[in-house]
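First up is the structure itself, then whatever we jot down about it.
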Amino acid sequence: MGSLRDCTWILGLTDYRVVELTRDEDGRVVIDVERRGIRRYVCSGCGRRTGRVRDAKVRTWDDLPWAERPVALRYPLRRLWCRHCGIRTERVVFADPHARLTRRFRQRIGLDCQSMPTSHAAVRHAVSWGTARRAERAFLDAWDRTRPKHRPRHLGVDEIQRGKGQRFWTVLSDVVRGEVIGLQQDRSEASLRALLNDRMDARQRVAVEAVCMDMHRPYLNVVTEVLRRAEAVFDKFHVLQHASTALDEMRRQEFFRAGPAMREHGRGKRWLLLRRWKTLRGSKRAELRTLFAANRRLFKAYVLREQLDRLWTYKTRTGVLNFLNGWCDALRWQRLPEMERLGEFLFKHLDGIAAYCDHQVRFGVVESINTTIKAVLRRARGMRDEPMLVLKLKWATARPIRSARDVMRFLHPEGVHSLR
Ligand SMILES: [Zn+2]
């Protein structure tokens, strides 16, 4: 070991051999490389090969460090006479045109930026913040451009709140794979329409069979307008949230407007009441039992709420309808106005609830995507650059790195090849 041939092997760039290794005054390893084999060069304008060299200009690219020592590649970049483009520089396989970093170094920085803030990645690789951010952008762009285009059967539409105040965003996702497709400001018809039309092509739109969403009217309008074949499936969590709100309103009625003695009894029980029975442990269950002993009406309402889970267990739409009829019959003579209103609400949205029989959408995915979005935003300390944020979210939810082989693929000197 120790010869230039070994250095060439370590460097691992096909078509390039190491000519000389030097140390510069900054402590960098400078590696002079030269083309080997056929003396024809690729035009950076049109991609055709030519042997007509006008002149050469020595340029350097930062590369991955060798044993933590920074490395600069030095190569005389040719200027070519191209028959089609005129005078153009040569295209090298290890870097993009105009880039000052090799592609694999850029990939390494971009990859690190997905698990740490950009400022940390910049320090770690001894580059400026701007360089790291540009590397990250190029990395994510290349990945998103080259990865396979899926045609999701089930979409998810949800709104998230970002920042202070009532600033809402619409999130469109592929709930089959659990990936973000796009993000758009506001929660209006226009924002969802823009997402469906810009982020998806016609082939993808036609493949959609169901859209999981909450009962937000503008979203429903756009789905029936843009995705003719697709059916709306109302998100279980949102439906049950309405049930919990009704239950909470009952608690307020029963305890807080019934004098100070009862009020004391019902204080601080809100979260207890909103929890599901199956997730409660011993002491909490006992606490809930005493609460119910004080008020049977609340008990009745709680049981009715718990029963609603069964709406999503039926195989046919008539099954759902029969269950809901039975549920409302149980309400009769109980004098529970909040629950009666909830029953009306459920009947009004029966189509979207019962659609689950035909389209078994993965409800949990929408929530887990929301959690990922919040985590990415927090790590980035907020983000102003929208396209960049969408790319980062796509990456975080698609999880393209699942094995060491995936990392190797991303760090390949000649380009990105992603399977996901
Ligand atoms: Zn050309």
Please compute one quarter of the surface area of the Cα convex hull for the range 1-118 and express it in square nanometres.
8.7 nm²
Would you mind computing, in nm to one decimal, how far apart the modelled labels at residue 272 and residue 84 are, each placed 7 Å from Cα along Cα→Cβ?
7.7 nm
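Can you send over the carbon and sulfur percentage of the accessible area for the chain, probe radius 1.4 Å, protein chains only? Working shown, then result.
Details: 11340 of 22600 Å².
Using a 1.4 Å probe with all protein chains present, the chain comes out at 50 percent carbon and sulfur.
Provide the net charge surrounding residue 115, with neighbours chosen by a C-beta distance below 13 Å and charges set as Lys +1, Arg +1, Asp -1, Glu -1. Working shown, then result.
Working: positive: 108, 124, 379, 392, 399; negative: 112, 136.
Residues close to residue 115 contribute a combined charge of +3.
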Two-site label geometry, residue 294 and residue 36: point separation in nm, points 7 Å out along Cα→Cβ
8.4 nm
Binning every alpha carbon pair distance of the range 148-297 at 5 Å from zero, what are the percents per bin?
2, 8, 15, 16, 12, 9, 9, 10, 9, 6, 3, 1, 0
Between helix 189-198 and the chain, what is the angle of the helix's C-alpha long axis to the longest principal axis, kept within 0 to 90° and rounded to the nearest 10?
40 degrees
Could you pull out every residue, at least 5 positions away or on a different chain, whose amide H is within less than 5 Å of the one on residue 212? Hs are placed 1.01 Å off N in the peptide plane, and Pro or chain starts have none.
155, 156, 157, 233
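In percent, what relative contact order does the chain have, based on Cα pairs under 8 Å that are 6 or more apart in sequence?
Numbers: 609 pairs, mean separation 60.0, N = 420.
Once normalised by length, the contact order is 14 percent.
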Under a plain spin-label model, where a point goes 7 Å from the Cα along Cα-to-Cβ, how far apart in nm are residue 307 and residue 9?
7.7 nm
Where the Cα atoms of the range 126-236 are projected onto their three principal axes, how long is each span, largest first, in whole Å?
51, 37, 24
Using Cα-only point scatterers and the Debye equation, what is log10 of I(q)/I(0) for the range 212-301 at each q in 0.15, 0.16, 0.17 Å⁻¹, rounded to two decimals?
-0.66, -0.71, -0.75
Which whole-percent values make up P(r) of the range 9-75 when all C-alpha to C-alpha distances are grouped in 10 Å steps starting at zero?
18, 46, 26, 10
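Residues with beta-carbon under 10 Å from that of residue 419, excluding residue 419: net charge, scoring Lys, Arg +1 and Asp, Glu -1?
Details: positive: 147, 402, 405, 409, 420; negative: 406.
Summing Lys/Arg as +1 and Asp/Glu as -1 gives +4.
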C-alpha long axis of helix 103-113 to longest principal axis of the chain, angle in °
30 degrees
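Quick one: plug the Kirkwood hydrodynamic radius of the range 70-172 (C-alpha pairs) into Stokes-Einstein at 4 °C, 1.567 mPa s, and report D in µm²/s.
Working: Rh = 17.2 Å.
D, rounded to a whole number, is 75 µm²/s.
At 0.36 nm per residue, and after removing the present C-alpha to C-alpha distance, how many nm does the segment from residue 420 to residue 59 gain when stretched out fully? Mind showing how you got there, number by number?
Numbers: separation 361, 0.36 × 361 = 129.96 nm, distance 3.46 nm.
Extending this stretch completely gives an extra 126.5 nm.
Could you tell me the relative contact order of the range 191-294? Use alpha-carbon pairs under 8 Å, at least six residues apart, and round to a whole percent. Don't skip to the answer; put the middle values down first.
Working: 67 pairs, mean separation 18.5, N = 104.
Computed over the range 191-294, the figure is 18 percent.
Can you pull the semi-axes for the range 305-420, root of five times each eigenvalue of the Cα gyration tensor, sorted largest first, whole Å?
Values: eigenvalues 427, 68, 23 Å².
Ellipsoid half-lengths, sorted descending, are 46, 18, 11 Å.
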Could you tell me which Cys residues in the chain have no other cysteine's Cβ under 4.7 Å from their own Cβ, answering none if every one has a partner?
7, 46, 113, 212, 328, 357
Between the range 76-138 and the range 204-235, what's the alpha-carbon centroid distance in Å?
41 Å
The value for the chain (convex hull of the alpha-carbon atoms, volume per residue, Å³) is 208 Å³
Nearest 10, in degrees from 0 to 90: the angle of helix 317-331 to the longest Cα principal axis of the chain is 40 degrees
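Restricting to Cα pairs below 8 Å that are 6+ residues apart, what does the relative contact order work out to for the range 1-102? Please round to a whole percent. It would help to have the intermediate numbers written out before the result.
Values: 186 pairs, mean separation 23.4, N = 102.
About 23 percent, as a whole number.
Once fully extended, how much extra length lies between residue 399 and residue 24, figured as 0.36 nm per residue of separation less the alpha-carbon to alpha-carbon distance?
Details: separation 375, 0.36 × 375 = 135.00 nm, distance 3.98 nm.
Taking residue 399 through residue 24 to full extension adds about 131.0 nm, to one decimal.
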Vicinal HN-Hα couplings computed from phi for the range 201-211 (Karplus, 6.51 cos²θ - 1.76 cosθ + 1.60; Hz; Gly/Pro x):
9, 4, 4, 5, 5, 5, 6, 6, 9, 8, 10
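Tell me, in nm to one decimal, what length is gained between residue 228 and residue 284 on full extension, where the rule is 0.36 nm per residue of separation less the Cα-Cα distance?
Values: separation 56, 0.36 × 56 = 20.16 nm, distance 4.77 nm.
Here the answer is 15.4 nm.
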Which value, to two decimals, describes the C-alpha radius of gyration of the range 231-374 once divided by 2.2 N^0.38 Å?
1.14
Inter-centroid distance (Cα atoms) of the range 142-164 relative to the range 271-342, Å:
35 Å
Counting only backbone N atoms under 19 Å from a point 7 Å out along Cα-to-Cβ of residue 265, the residues of the range 294-336 in range are 294-303, 335-336
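So, for the chain, what is the accessible surface per residue at a probe of 1.4 Å, expressed in square angstrom? Intermediate results must be reported in sequence, preceding the final value.
Numbers: 22600 Å² over 420 residues.
About 54 Å² of surface per residue is accessible.
The values are calculated or read from the model by the stated rules, or taken from the named source; none is laboratory data. Since we're looking at a predicted model, the values are computed, not measured. Don't worry about glycine lacking a Cβ; one is built from the backbone with ideal geometry, like all the others, and counts go over all protein chains shown. We work out accessible area using only protein heavy atoms, side chains counted, and drop any ligands, DNA or RNA first. Shrake-Rupley method; radii C 1.70, N 1.55, O 1.52, S 1.80 Å.
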